[in-house]
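**Student:** Please read through the structure below; I'll follow up with questions.
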């Protein structure tokens with residue numbers, strides 16, 4: 001069994017009280033929640049993330065039969081400015097505390113870039129950038145340990161942790177049961193390796209499979225230059241059979257949230273992913 005969910009900010013632009021029933025009516029059982037994107041009218045500064053706010057959100061989701069699969073906080077832990085980095089880490093600590101009060105087991109993040117703009121650059125692939133990221137990630141993981149929350153990192157080919165081997169290095173160097181992986185297969189691809197996608201996915205499953213705690217599902221199309229353009233799951237070139245077979249065999253009831261959907265196609269994309277899982 002797979003638990004398919006929606007990235008909440010891909011839903012209708014409605015107050016959350018009206019949006020959550022629509023998400024459930026489309027057949028989803030969980031959500032990926034990014035406070036700054038899904039609840040823009042409510043402050044999400046560290047001081048605003050109180051247990052009372054968490055309790056309100058928890059009750060609202062429970063009333064609609066929806067789990068909060070992951071609380072997203074996609075800020076740059078490789079920021080080169082020490083003051084900005086300290087503020088970023090404080091936001092991670094606040095999200096971890098909030099997740100614990102929310103009854104959400106995971107806080108999700110990507111892995112940054114060694115510049116203030118979170119911009120892809122050649123230095124992303126350097127050993128120095130990886131060392132900086134690991135150093136800055138460690139106190140965040142220690143905070144997650146204290147609150148019983150799993151921090152899940154998402155390898156992305158444009159960022160510092162750009163392939164499964166780098167991700168394995170991060171997991172091994174930090175050495176915490178509270179650090180796992182949010183696996184987005186499409187995020188490991190670009191025009192240079194898409195022809196080898198089966199090899200890329202096989203390596204990811206081999207190196208990271210035991211630590212995969214959640215999955216993102218989206219798709220891609222190649223444009224006239226060969227560059228990949230992201231789209232909703234089931235609407236592009238992605239073959240999910242290998243991924244689904246792995247999930248079916250080894251990850252019962254895993255949360256798998258869809259990305260890049262629209263309100264108009266979310267339900268049909270969920271149905272396509274459910275069929276892919278059932279047929280695996």
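**Student:** Which of the residues spanning the range 239-280 are out of contact with any strand residue (DSSP E or B) (no Cβ under 9 Å at 6 or more places or on another chain), within 17 Å of residue 205 (Cβ to Cβ) and either without any contact (Cβ under 8 Å) to a residue 24 or more places away in the chain or surrounded by fewer than 16 Cβ atoms within 10 Å (Cβ to Cβ) (or both)?
**Tutor:** 239, 241, 242, 245, 249, 252 - these are the residues of the range 239-280 that are out of contact with any strand residue (DSSP E or B) (no Cβ under 9 Å at 6 or more places or on another chain), within 17 Å of residue 205 (Cβ to Cβ) and either without any contact (Cβ under 8 Å) to a residue 24 or more places away in the chain or surrounded by fewer than 16 Cβ atoms within 10 Å (Cβ to Cβ) (or both).
**Student:** Please go through the range 111-142 and pick out each residue that is assigned to a loop (DSSP other than H, G, I, E, B) and in contact with a strand residue (DSSP E or B) (Cβ under 7 Å, 6 or more places away or on another chain).
**Tutor:** Pass one, the range 111-142, residues assigned to a loop (DSSP other than H, G, I, E, B): 111-121, 126.
Selection gives 111 alone.
**Student:** Applying the selection to the range 65-88, what residues are farther than 19 Å from residue 182 by Cβ and crowded, with 17+ Cβ neighbours inside 10 Å?
**Tutor:** 79, 85 - these are the residues of the range 65-88 that are farther than 19 Å from residue 182 by Cβ and crowded, with 17+ Cβ neighbours inside 10 Å.
**Student:** Kindly evaluate residue 169 against the criterion of being over 21 Å from residue 194 (Cβ atoms), out of contact with any strand residue (DSSP E or B) (no Cβ under 6 Å at 6 or more places or on another chain) and either surrounded by 15 or more Cβ atoms within 10 Å (Cβ to Cβ) or at pLDDT below 95 (or both).
**Tutor:** Criteria met by residue 169.
**Student:** Quick check on my filter: what residues within the range 58-99 are under 18 Å from residue 159 (Cβ atoms), touching a helix residue (DSSP H, G or I) at 6+ places or on another chain (Cβ under 7 Å) and not in a helix (DSSP H, G or I)?
**Tutor:** 73, 75, 76, 77, 78, 79
**Student:** Is it the case, given these coordinates, that residue 108 is modelled with pLDDT of 95 or more, surrounded by 23 or more Cβ atoms within 10 Å (Cβ to Cβ) and more than 19 Å from residue 175 (Cα to Cα)?
**Tutor:** Answer is no for this residue.
**Student:** Regarding residue 208, is this residue within 19 Å of the chain's Cα centre (by Cα) and more than 19 Å from residue 4 (Cα to Cα)?
**Tutor:** yes
**Student:** What is the residue count in the range 212-238 for residues that are free of Cβ contacts under 8 Å to residues at least 12 places away in the same chain and either surrounded by 22 or more Cβ atoms within 10 Å (Cβ to Cβ) or under 20 Å from the mean Cα position of the chain (by Cα) (or both)?
**Tutor:** Total meeting the criteria: 1.
**Student:** Can you name the residue in the range 29-57 that is in a helix (DSSP H, G or I) and over 22 Å from the mean Cα position of the chain (by Cα) and, of all such residues, is farthest from residue 270 (Cα to Cα)? Spell out the reasoning first.
**Tutor:** Looking only at the range 29-57, we keep the residues that are in a helix (DSSP H, G or I), and these are 35-38, 46-48, 51-57.
Still in the list and also over 22 Å from the mean Cα position of the chain (by Cα): 47-48, 51-53, 55-56.
Values: 47: 36, 48: 33, 51: 32, 52: 32, 53: 30, 55: 28, 56: 27 Å.
Ranking the qualifying residues of the range 29-57, first place goes to 47.
**Student:** Turning to a different aspect of this structure: Might you check whether a residue that is assigned to a helix (DSSP H, G or I) and at pLDDT 95 or above occurs anywhere in the range 211-231? Walk me through how you get there before you give the answer.
**Tutor:** Residues of the range 211-231 assigned to a helix (DSSP H, G or I): 211.
Subset that is at pLDDT 95 or above: 211.
There is at least one residue in the range 211-231 that is assigned to a helix (DSSP H, G or I) and at pLDDT 95 or above.
**Student:** A further question follows. How about the range 173-196: which of its residues are under 20 Å from the mean Cα position of the chain (by Cα) and in a helix (DSSP H, G or I)?
**Tutor:** Residues satisfying the conditions are 174, 185, 186, 187, 188.
The values are calculated or read from the model by the stated rules, or taken from the named source; none is laboratory data. These numbers come from a predicted model, not from an experiment. FYI the Cβ positions are ideal-geometry reconstructions off the backbone, even for glycines, and counts take in every protein chain you see.
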